[in-house]
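**Student:** Pasting in a structure now, in structure tokens, and then I'll have a few things to ask.
The values are calculated or read from the model by the stated rules, or taken from the named source; none is laboratory data. Bear in mind the structure is a predicted one, so any value in this text is a computation, not a measurement. With ideal geometry, Cβ positions are generated from the backbone for all residues, glycine too; neighbour counts draw on all protein chains shown. The area values use the complete protein model at the heavy-atom level, side chains included, leaving out ligands, DNA and RNA. Shrake-Rupley method; radii C 1.70, N 1.55, O 1.52, S 1.80 Å.
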Amino acid sequence: MTAAGALRLTARWDGARVVAVAIENRRPQAARVLAGRSVDEALRLEPALFSLCGRAQAVAAAAAC
């Protein structure tokens, strides 16, 4: 997926385990809003940052934390 707003995760596998992970965030505005905030505050703000299904975004953010 290369659309604006995409989050790209890339993992490098050596045949036995993941040896490297890279993250490309195409939502820098959202990242800037959340940077430096506590986890609780970020989890309260996160659902309002996305136009599609705020509840699903909140659940995904909580799982990521």
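**Student:** Among residues belonging to the range 36-60 that are small (Gly, Ala, Ser) and under 12 Å from the mean Cα position of the chain (by Cα), point out the one that is most open to solvent (accessible area, probe 1.4 Å).
**Tutor:** Just the residues of the range 36-60 that are small (Gly, Ala, Ser), to begin with: 36, 38, 42, 48, 51, 54, 56, 58, 60.
Checking the rest, the ones that are also under 12 Å from the mean Cα position of the chain (by Cα) come to 42, 58, 60.
Numbers: Ala42: 21, Ala58: 22, Ala60: 57 Å².
Selected residue: Ala60.
**Student:** Are there any pairs, at least 6 apart or on different chains, whose C-beta atoms fall under 9 Å, with the first in the range 9-32 and at negative phi and the second open to solvent by less than 90 Å² (accessible area, probe 1.4 Å) and assigned to a helix (DSSP H, G or I), and if so, which?
**Tutor:** Here the result reads Asn25/Ala31; Arg27/Leu49; Gln29/Leu49; Ala30/Glu46; Ala30/Leu49, each pair linking the range 9-32 to a residue that is open to solvent by less than 90 Å² (accessible area, probe 1.4 Å) and assigned to a helix (DSSP H, G or I).
**Student:** I've got another one for you. Of all residues in the range 20-32, which are over 12 Å from the mean Cα position of the chain (by Cα) and open to solvent by less than 60 Å² (accessible area, probe 1.4 Å)?
**Tutor:** Ala20, Ala22
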